[in-house]
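Take a look at the structure below.
The values are calculated or read from the model by the stated rules, or taken from the named source; none is laboratory data. Bear in mind that the values here come from a model prediction, so they are computed numbers and not experimental data. All Cβ positions, even for glycine, are placed from backbone atoms using ideal geometry, and neighbour counts span all protein chains on display.
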Amino acid sequence: MIVISFTLYLPGLADSSSLSRQGQAICVTGAGGFIASWMVKLLLEKGYTVKGTMRNPDDPKNAHLRELEGAKERLTLCKVDLLDYESLKEAISGCDGVFHTASPVTDDPEQMVEPAVNGTKNVIIAAAEAKVRRVLFTSSIGAVYMDPNRNPDAVVDESCWSDLDFCKNTKNWYCYGKAVAERAAWEVAKEKGVDLVVVNPVLVLGPLLQSTVNASIIHILKYLNGSTKTYANSVQAYVHVRDVALAHILVFETPSASGRYLCAEGVLHRGDVVEILAKFFPEYPIPSKCSDEKNPRAKPYKFTNQKLKDVGMEFTPVKQCLYETLENFLNMVQYFGKFLICRDPIELIIVSK
Ligand SMILES: NC(=O)c1ccc[n+]([C@@H]2O[C@H](COP(=O)([O-])OP(=O)(O)OC[C@H]3O[C@@H](n4cnc5c(N)ncnc54)[C@H](OP(=O)(O)O)[C@@H]3O)[C@@H](O)[C@H]2O)c1
């Protein structure tokens with residue numbers, strides 16, 4: 001497989017504290033994934049030593065990590081299965097912090113629930129044994145938002161929890177798995193005396209560092225190839241992948257940080273998304289008609305990201321995030337002429353220019 005490199009706008013992240021981070025080691029689980037790759041990149045840029053876990057370090061889909069600045073000197077890739085406690089224990093030992101980001105991202109209950117829940121428990125137990133200073137768990141808005149009884153005008157914040165029965169009844173196994181995993185993380189952390197902090201990102205977009213396309217990026221790539229003729233009458237909250245990675249680092253580095261942190265920049269109706277994309281990329285067949293012309297336009301929900309702003313987070317505007325996502329992807333398309341997106345299990349989309 002070819003590893004793709006492309007030009008990105010990246011804010012300078014080196015800072016005067018990087019000296020004090022030298023020697024501090026962070027274990028990032030699922031290091032080759034979309035969000036985790038950004039964590040590894042930013043941690044290396046900030047001077048940390050990183051141990052990245054993955055099921056197969058030799059898989060070419062993880063090769064981009066070895067190209068990151070500082071990787072040669074301070075990145076180790078470890079073969080770890082979340083359900084194999086001994087392999088996790090070895091990777092986590094000697095680390096000051098753990099960013100537990102690995103998780104299946106699927107609505108297949110068999111693939112989702114056990115690795116998400118038992119894998120998370122294993123991470124917290126191994127972190128307790130290794131006496132790490134703090135564990136960051138990448139949860140999700142899926143563990144926060146799915147509650148049919150919440151007043152639609154209420155502000156979604158860190159006190160909200162998804163209703164497990166509702167997730168089950170609607171077969172939303174991803175949200176179910178993430179909510180149960182987060183609950184388990186809190187329980188085990190309390191029992192074992194682990195300092196746990198949780199980040200709950202909304203749908204994450206932005207430039208890919210890896211050569212494969214993950215599930216959340218497909219959310220907007222589907223508008224590029226003409227196969228989607230209309231947009232849905234629904235809303236979605238978005239955040240930039242670099243901000244998600246940075247949020248984890250900020251709360252790791254803030255001694256007083258605690259609890260959950262909702263990581264969201266803005267909520268848009270799909271109509272707004274396609275309008276923004278069409279302005280930036282007029283040459284693509286981005287839909288302009290809503291699939292539902294009968295019902296009133298869905299209203300964006302209210303949320304607060306104040307808790308993260310209070311620890312110094314500055315969010316990338318959602319418009320820029322949409323632009324960077326497609327610009328990065330189209331650079332790849334231009335490079336190859338044609339690009340095949342594979343989504344587990346068998347969804348294929350061909351984008352050509
Ligand atoms: N992307 C979003 O919009 C979004 C939003 C909110 C929260 N999140 C959360 O953020 C995290 C990363 O998401 P992402 O979008 O970056 O996903 P991704 O690119 O698909 O990465 C997921 C990572 O998890 C690992 N993984 C998957 N199943 C596993 C299993 N059974 N055992 C061990 N490792 C496994 C994979 O590693 P291998 O190389 O071993 O396959 C992969 O590196 C997940 O916890 C997800 O729930 C994502």
* Scan segment 237-259 for residues that are touching a Phe, Trp or Tyr at 6+ places or on another chain (Cβ under 7 Å) and within 12 Å of K307 (Cα to Cα) and jot them down. => A247, V251
* Asked: Do we find a residue being within 16 Å of the ligand (Cβ to nearest atom), within 18 Å of the chain's Cα centre (by Cα), assigned to a loop (DSSP other than H, G, I, E, B) and not small (G, A, S) anywhere in segment 177-186?
  -> no
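Of the residues R74, R66, which single one is basic (K, R) and surrounded by 18 or more Cβ atoms within 10 Å (Cβ to Cβ)? Walk me through how you get there before you give the answer.
Numbers: R66 fails: surrounded by 18 or more Cβ atoms within 10 Å (Cβ to Cβ).
Every option except R74 fails the conditions.
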* To do: Could you please find all residues in segment 207-257 being under 26 Å from P282 (Cα atoms), of a type in the set (G, A, S), more than 12 Å from the ligand (Cβ to nearest atom) and modelled with pLDDT of 90 or more?
  => A232, S234
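Listed here are the residues, each with its yes/no results for (1) touching a His at 6+ places or on another chain (Cβ under 6 Å); (2) buried (at least 20 other Cβ atoms within 10 Å of the Cβ).
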| residue | (1), (2) |
| --- | --- |
| R183 | no, no |
| A189 | no, yes |
| S211 | no, no |
| V235 | yes, no |
| H248 | no, yes |
| V251 | no, yes |
| V274 | no, yes |
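Give the residue, chosen from R150, R133, that is farther than 21 Å from C27 by Cβ, more than 10 Å from the ligand (Cβ to nearest atom), of a type in the set (K, R) and out of contact with any Leu (no Cβ under 8 Å at 6 or more places or on another chain). Talk me through it step by step, then tell me what you get.
On the way: R133 fails: farther than 21 Å from C27 by Cβ.
None of the others qualify; the one that does is R150.
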* Is there a residue being over 22 Å from G312 (Cβ atoms), surrounded by 13 or more Cβ atoms within 10 Å (Cβ to Cβ) and at pLDDT below 95 anywhere in segment 7-25? -> yes
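Matching residues to (1) more than 14 Å from the ligand (Cβ to nearest atom); (2) in a loop (DSSP other than H, G, I, E, B); (3) not hydroxyl-bearing (S, T, Y):
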| position | (1), (2), (3) |
| --- | --- |
| L82 | no, yes, yes |
| A91 | no, no, yes |
| G94 | yes, yes, yes |
| S103 | no, yes, no |
| Q111 | no, no, yes |
| G142 | no, no, yes |
| M146 | no, yes, yes |
